[in-house]
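**Student:** Dumping the structure here so I can ask a few things about it.
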Amino acid sequence: MPPAALKEASDLPKSDRERWVEAFLRVRAETERRAAPLSGEDQVIQSMPDASPIKWHRAHTTWFFETFLLQANVPGYKVYDERFAFLFNSYYVAAGPRHARPKRGLITRPTVSEVADYRVHVDAAVERLVGEASASAWPEIARILEIGLNHEEQHQELMLTDILHAFAQNPTNPAYDASWQAPKCNPKDGYAELPEGIHTIGHQTDGYCFDNEGPAHRVLVGPVRIARTLVTNAEWLTFMNDGGYANPALWLSDGWAAVQTEGWQAPGHWQDCDGEWRQFKLAGLKPIDPAAPVMHISYYEADAFARWSGKHLPTEAEWEVSARQGVLSDTFGIAWQWTRSAYSPYPGFVACDGALGEYNGKFMINQMVLRGSSLATPDGHTRVTYRNFFYPGARWQFSGLRLADYAERFSLT
Ligand SMILES: [Fe+2]
């Protein structure tokens, strides 16, 4: 006797479901492609509490589909392994108890190969569900499937940032991919003018977005000038050589405390090699490229640099309005850009009910918004309304900055 959700014959065009299966398999394959250069040992290590092992990313994204898609929509679904929910639930309190995040690197079992088997099992079950679900059950299945795919794409980015951080702890400087090349930049001089005006920001189309990108609402921005391009390594070296990391007057109190505690003297993944700075990248340890955008900086460092420059960081509204107008360069695909906007709910934001309501809303405190996307962001996972967020001391992401200038504003008042 087939489950209720599956027994009703589909009246949807087959091609629609085929497209969903293709999208699902494409995203799942990209995760495996990113894991492929890594050994079993590489995939188990956790280099710090904020970062997760590659094996955990592969298993957690699978648990997400199993829990929120299969268990919720396939009556009588039998979980692959009852121990996995505790091991691979990240932060969903409503989904049950979970293993401590800082101890994910201690989980040597299940093995990498057992996690691969778990992925194969869930892939087949999802494919079956998409193909056989009733027309009445389909809209909810498609909704969760889409969230699951976007969720996995977020973890694909984290796989690269987390393994880069892990490899950066290795004195032999292993390359994730020796042939990896930095994305091409298209730097443009100067600033784009943003006159005072009321603009709508937030997600307004029918396409997918995370809940934190709405509701769309109107904001007053400007006058402000936004740097067309990203701050470069050459500019950052000037800041360093000017004593930027040694001058408390440039830093927020918490930022200065982080400089002292962490011993920051340069961006993350920079190494002092006999008096010459080098940058540890996905391709291994390389000379600093002066023209490349600086990355692996915390909010505190971005803020200190802006103060040293006599400039500011833009707000996320200023960033989005400028990006929508097409006046910025290197907006996407290079480095996330810190804004000076706290990560808080847009007016009228309400998280959805249930465990998936925990996805974004409960983190809307004490973090800062980054806009754009990075070299690690998967294709198709970029939006002008995307709100990334991290704690102000985080710098293992591909995070950089562009400046904002309010001099015009003050000359007008
Ligand atoms: Fe997750």
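**Student:** Could you check region 88-105 and list, in sequence order, the residues that are at pLDDT 95 or above and touching a Ser or Thr at 6+ places or on another chain (Cβ under 7 Å)?
**Tutor:** Correct list: ARG104 only.
**Student:** Let me ask something else about it. Out of the residues in region 102-147 meeting the condition of being among the basic types (Lys, Arg) and within 16 Å of the ligand (Cβ to nearest atom), tell me which one is nearest to PRO49 (Cα to Cα). Steps first, answer last, please.
**Tutor:** Taking region 102-147 first, the residues among the basic types (Lys, Arg) are 103-104, 109, 119, 128, 143.
Adding the requirement that they be within 16 Å of the ligand (Cβ to nearest atom) leaves 104, 119.
Values: ARG104: 8, ARG119: 24 Å.
Here the residue is ARG104.
The rows are residues; the columns are (1) in contact with a strand residue (DSSP E or B) (Cβ under 8 Å, 6 or more places away or on another chain); (2) β-branched (Val, Ile, Thr); (3) farther than 30 Å from GLN181 by Cα; (4) modelled with pLDDT under 95.
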residue: GLU320; (1), (2), (3), (4): yes, no, no, no
residue: ALA323; (1), (2), (3), (4): yes, no, no, no
residue: LEU328; (1), (2), (3), (4): yes, no, no, no
residue: PHE332; (1), (2), (3), (4): no, no, no, no
residue: TYR343; (1), (2), (3), (4): yes, no, yes, no
residue: CYS352; (1), (2), (3), (4): no, no, yes, yes
residue: ALA355; (1), (2), (3), (4): no, no, yes, yes
residue: LYS362; (1), (2), (3), (4): no, no, yes, yes
residue: ILE365; (1), (2), (3), (4): no, yes, yes, no
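**Student:** Which ones in region 42-64 are farther than 15 Å from THR108 by Cβ and either within 15 Å of the ligand (Cβ to nearest atom) or buried (at least 22 other Cβ atoms within 10 Å of the Cβ) (or both)?
**Tutor:** Going through region 42-64, the residues farther than 15 Å from THR108 by Cβ turn out to be 47-51, 57, 60-64.
Residues satisfying the conditions are ASP50, ALA51, HIS57, HIS60, THR61, THR62, TRP63, PHE64.
**Student:** Among the helices (runs of 4 or more DSSP H) contained in region 2-49, which hold 2 or more residues that are farther than 24 Å from LEU87 by Cβ and either modelled with pLDDT of 95 or more or of a type in the set (Val, Ile, Thr) (or both)? Full working, then the answer.
**Tutor:** Working: elements: 4-7, 14-35, 40-44.
Because the criterion is at least 2 residues that are farther than 24 Å from LEU87 by Cβ and either modelled with pLDDT of 95 or more or of a type in the set (Val, Ile, Thr) (or both), the helices (runs of 4 or more DSSP H) in region 2-49 that meet it are 14-35.
**Student:** Among the residues of region 344-378 satisfying the criterion of being over 28 Å from LEU403 (Cα atoms) and part of a loop (DSSP other than H, G, I, E, B), which is least open to solvent (accessible area, probe 1.4 Å)?
**Tutor:** Checking each candidate, the answer is TYR359.
**Student:** Here is a follow-up. Would you confirm whether any residue within region 121-143 is closer than 29 Å to GLN397 by Cα and open to solvent by less than 20 Å² (accessible area, probe 1.4 Å)?
**Tutor:** no
**Student:** Please tell me if VAL120 is part of a helix (DSSP H, G or I), without any contact (Cβ under 8 Å) to a residue 60 or more places away in the chain and not acidic (Asp, Glu).
**Tutor:** Working: part of a helix (DSSP H, G or I): yes; without any contact (Cβ under 8 Å) to a residue 60 or more places away in the chain: yes; not acidic (Asp, Glu): yes.
In short, yes.
**Student:** Which numbered condition trips up MET159, out of (1) of a type in the set (A, V, I, L, M); (2) within 14 Å of the ligand (Cβ to nearest atom); (3) free of Cβ contacts under 8 Å to residues at least 60 places away in the same chain?
**Tutor:** (3)
**Student:** Evaluate region 319-338: report whether one residue or more is farther than 18 Å from ASN388 by Cβ, in contact with a Lys or Arg (Cβ under 8 Å, 6 or more places away or on another chain) and surrounded by fewer than 20 Cβ atoms within 10 Å (Cβ to Cβ).
**Tutor:** Scanning region 319-338, I find at least one residue that is farther than 18 Å from ASN388 by Cβ, in contact with a Lys or Arg (Cβ under 8 Å, 6 or more places away or on another chain) and surrounded by fewer than 20 Cβ atoms within 10 Å (Cβ to Cβ), so the answer is yes.
**Student:** Scan ASN150, ASN173 and give me the residue that is more than 16 Å from the ligand (Cβ to nearest atom) and of a type in the set (S, T, N, Q). Walk me through it before giving the result.
**Tutor:** Values: ASN150 fails: more than 16 Å from the ligand (Cβ to nearest atom).
On inspection, the qualifying residue turns out to be ASN173.
**Student:** Would you please name the residue that is farthest from the ligand (Cβ to nearest atom), looking only at residues in region 69-93 that are farther than 18 Å from LEU106 by Cβ, open to solvent by 20 Å² or more (accessible area, probe 1.4 Å) and part of a helix (DSSP H, G or I)?
**Tutor:** It comes out as ASN73.
The values are calculated or read from the model by the stated rules, or taken from the named source; none is laboratory data. These numbers were taken from a predicted model, which means no experiment stands behind them. Positions of Cβ are backbone-derived with ideal geometry, glycine not excepted, and every protein chain shown enters the neighbour counts. Please note that ligands, DNA and RNA were not included when accessible areas were found on the heavy atoms of the full protein model with its side chains. Shrake-Rupley method; radii C 1.70, N 1.55, O 1.52, S 1.80 Å.
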